[in-house]
Amino acid sequence: PSICPSKSETADNLSKSPTGTKMQHLDAGPELDALVAKMLELPETETIPIGQQGQGQKQFIPYSTDIAHAWTVLEKLRALGWPNVGTEQTPPFKWCCALILNHFPWRVISEIADSAPLAICRAALRAVQYHQPATQTTPGA
């Protein structure tokens, strides 16, 4: 059995990102990487290693394009209470990341994208958004 919803279920349940844009419009790249770093309190930049073009300069950590860096996003999610994580390739050549909250209230969040790192980052943003406390207001304030 698949851990991810059908295409029609995904289309019906598209969530907005913390920036208010639809998840499917968040493309892989530095803008998404910076948002993931900010929302998950992960390092935002790294120094380019010696021997590579641009060595010594700072660059955004490529969470949304590099699976090794995307794995650190999954590790952070596990620490935040999303220990049940699954990724799978779905036809036709898409990747799905499903996050399952293991305590009440039970919650499953999944995202389908062209790459595993992109699916992981989109699902991570939805998971963090789910965990954000509601803003409390004081009557008469």
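Within the range 106-119, track down each residue that is more than 17 Å from Tyr130 (Cβ to Cβ) and either in contact with a Lys or Arg (Cβ under 8 Å, 6 or more places away or on another chain) or modelled with pLDDT under 90 (or both).
Across the range 106-119, the qualifying residues are Ile112, Ala113, Asp114.
Could you give me the residue pairs with C-beta distances under 9 Å whose first residue belongs to the range 46-59 and is at negative phi and loosely packed, with under 10 Cβ neighbours inside 10 Å, whose second residue is at pLDDT below 90 and assigned to a loop (DSSP other than H, G, I, E, B) wherever it lies, and which are 6+ apart or on separate chains?
The qualifying pairs are Pro49/Gln55; Pro49/Gly56; Ile50/Gly56.
Would you confirm whether or not the range 90-105 contains a residue that is surrounded by fewer than 15 Cβ atoms within 10 Å (Cβ to Cβ), at positive phi, assigned to a loop (DSSP other than H, G, I, E, B) and at pLDDT below 95?
Just the residues of the range 90-105 that are surrounded by fewer than 15 Cβ atoms within 10 Å (Cβ to Cβ), to begin with: 91-93, 102-105.
Subsequent filtering for residues that are at positive phi retains 93.
After this cut, where a residue has to be assigned to a loop (DSSP other than H, G, I, E, B) as well, the list is 93.
Checking which are at pLDDT below 95 leaves us with 93.
Yes, the range 90-105 contains at least one residue that is surrounded by fewer than 15 Cβ atoms within 10 Å (Cβ to Cβ), at positive phi, assigned to a loop (DSSP other than H, G, I, E, B) and at pLDDT below 95.
Which residues, taken from the range 71-84, are over 14 Å from Val128 (Cβ atoms) and modelled with pLDDT under 85?
Pro83, Asn84
Among the residues of the range 45-59, is any touching a helix residue (DSSP H, G or I) at 6+ places or on another chain (Cβ under 7 Å) and of a type outside the set (S, T, N, Q)? Spell out how you get there, then give the answer.
Step one: filter the range 45-59 for residues touching a helix residue (DSSP H, G or I) at 6+ places or on another chain (Cβ under 7 Å), giving none.
For the range 45-59, residues touching a helix residue (DSSP H, G or I) at 6+ places or on another chain (Cβ under 7 Å) and of a type outside the set (S, T, N, Q): absent.
When the residues of the range 72-88 are filtered to those that are touching a residue at least 12 places away in the same chain (Cβ under 8 Å) and in a helix (DSSP H, G or I), which remaining residue is surrounded by the most Cβ atoms within 10 Å (Cβ to Cβ)? Walk me through how you get there before you give the answer.
Initial filter on the range 72-88 (touching a residue at least 12 places away in the same chain (Cβ under 8 Å)): 72-74, 76-77, 80-88.
Those left that are additionally in a helix (DSSP H, G or I): 72-74, 76-77.
Values: Thr72: 17, Val73: 26, Leu74: 18, Lys76: 19, Leu77: 22.
Among them, the one singled out is Val73.
The values are calculated or read from the model by the stated rules, or taken from the named source; none is laboratory data. Not measured: the values here are computed from a predicted model. Glycine also receives a Cβ, built like all others from the backbone with ideal geometry; neighbour counts cover every protein chain displayed.
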